[in-house]
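The values are calculated or read from the model by the stated rules, or taken from the named source; none is laboratory data. The model shown is predicted, which means the values in this text are computed figures rather than measured ones. As a convention, Cβ positions derive from the backbone with ideal geometry for all residues, glycine included, and neighbour counts pool all protein chains shown. Surface areas here come from the heavy atoms of the whole protein model, side chains and all, with no ligands, DNA or RNA. Shrake-Rupley method; radii C 1.70, N 1.55, O 1.52, S 1.80 Å.
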Amino acid sequence: GLAILLEEEGDAAAAWPLAERALAIRQAALGDDHLLVAHSRRNLADLLVMQDSLVRARPLYEQAVAVFARTERPPGDTILPETLEALADVWRRLDDPAAALVRYQQALVLRETISGPDALDVAWTLTQIADMHFRLQDADSARPLYERALAISEARLPPGHPTVAFDLVRLGRVLQTVGDDLAAQPHMERALAIYE
């Protein structure tokens with residue numbers, strides 16, 4: 001708990017030894033496959049990401065995902081999709097969009113089940129998946145995902161919300177990439193108006 005508090009205060013260096021100690025205590029008392037050990041691994045991985053130690057964070061996230069995936073969770077619990085997204089973000093930052101894409105897609109299935117197909121967290125995950133397709137030079141796959149994310153954001157948020165502008169820019173960018181500048185222009189203009 002203290003490690004999490006220090007992390008939230010931005011002191012990852014002070015949080016690190018406490019999180020490491022908590023993990024060691026839990027592993028010794030409960031074994032490697034316990035849910036609390038998975039939470040400790042997740043916390044430690046989060047701290048490593050804050051310190052840009054992505055290679056060290058990745059296996060901790062993967063171990064946590066494995067335990068969360070085989071442990072029954074209460075309805076509405078989002079720890080598994082959140083951890084999958086954190087792992088996907090690590091893969092993205094390690095410049096492996098294909099590996100990131102797989103984790104984001106797994107998270108999307110869970111998000112849609114937990115929150116429903118039109119929830120804002122679903123829109124965010126859709127955008128991440130579309131971004132990975134775009135990085136893999138697959139604009140045709142990215143476009144409908146950006147369109148769906150924008151539709152959710154527009155339905156759930158006020159018209160001038162920055163997330164709507166973010167989604168408009170993403171969709172405009174993919175439209176430009178596929179050579180449809182006429183379709184891209186109104187999206188970019190709307191985004192600019194919101195940002196201004």
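Listing for the model above:
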{"quantity": "Kirkwood Rh and Cα Rg combined as Rg over Rh, evaluated for the range 53-196", "calculated": "1.01"}
{"quantity": "Karplus (6.51, -1.76, 1.60) ³J(HN,Hα), θ = phi - 60°, over the range 19-26, in Hz, Gly and Pro reported as x", "calculated": "5, 5, 5, 4, 4, 4, 5, 5"}
{"quantity": "3J(HN,Hα) from dihedral phi, the range 61-69, Karplus parametrisation 6.51/-1.76/1.60, rounded to Hz, x for glycine, proline", "calculated": "4, 4, 5, 5, 4, 4, 6, 4, 5"}
{"quantity": "Whole-percent carbon and sulfur share, accessible surface of the chain, 1.4 Å", "calculated": "54 percent"}
{"quantity": "Protection proxy ranking, peptides 115-126, 96-107, average beta carbon neighbours within 10 Å, highest first", "calculated": "96-107, 115-126"}
{"quantity": "Mean projected area in nm² (Cα convex hull; one quarter of hull surface) for the range 79-164", "calculated": "5.3 nm²"}
{"quantity": "Accessible-area order (highest first, 1.4 angstrom probe) of the listed residues Met132, Met188", "calculated": "Met188, Met132"}
{"quantity": "Tilt relative to the chain, helix 97-115 - C-alpha long axis, 0 to 90 degrees, to 10", "calculated": "90 degrees"}
{"quantity": "Rg(Cα)/(2.2 N^0.38 Å) for the range 42-100, N = residue count", "calculated": "1.11"}
{"quantity": "Full-stretch length increase - Arg156, Ala69 - with 0.36 nm per residue and alpha-carbon distance subtracted", "calculated": "28.4 nm"}
{"quantity": "The range 1-119 - Debye-derived log10 I(q)/I(0), Cα point model, q = 0.13, 0.17, 0.19, 0.20 Å⁻¹", "calculated": "-0.52, -0.87, -1.05, -1.13"}
{"quantity": "Most mobile listed residue (Thr127, Thr83, Thr71) in the chain, GNM with C-alpha springs under 10 Å", "calculated": "Thr71"}
{"quantity": "Crossing angle, helix 139-156 versus the chain [Cα axis fit, 0-90 degrees, rounded to tens]", "calculated": "80 degrees"}
{"quantity": "Taking the chain and dividing mean pair separation by its residue count, relative contact order in percent (alpha carbons under 8 Å, at least six apart)", "calculated": "11 percent"}
{"quantity": "For the range 1-24 versus the range 168-183, the gap between their alpha-carbon centres in whole angstrom", "calculated": "43 Å"}
{"quantity": "Signed unit charges on C-beta, dipole axis of the chain, positive-most listed residue Ala88, Tyr61, Ala142", "calculated": "Tyr61"}
{"quantity": "Folded to 0 to 90 degrees: helix 35-50 orientation relative to the chain principal axis, Cα", "calculated": "60 degrees"}
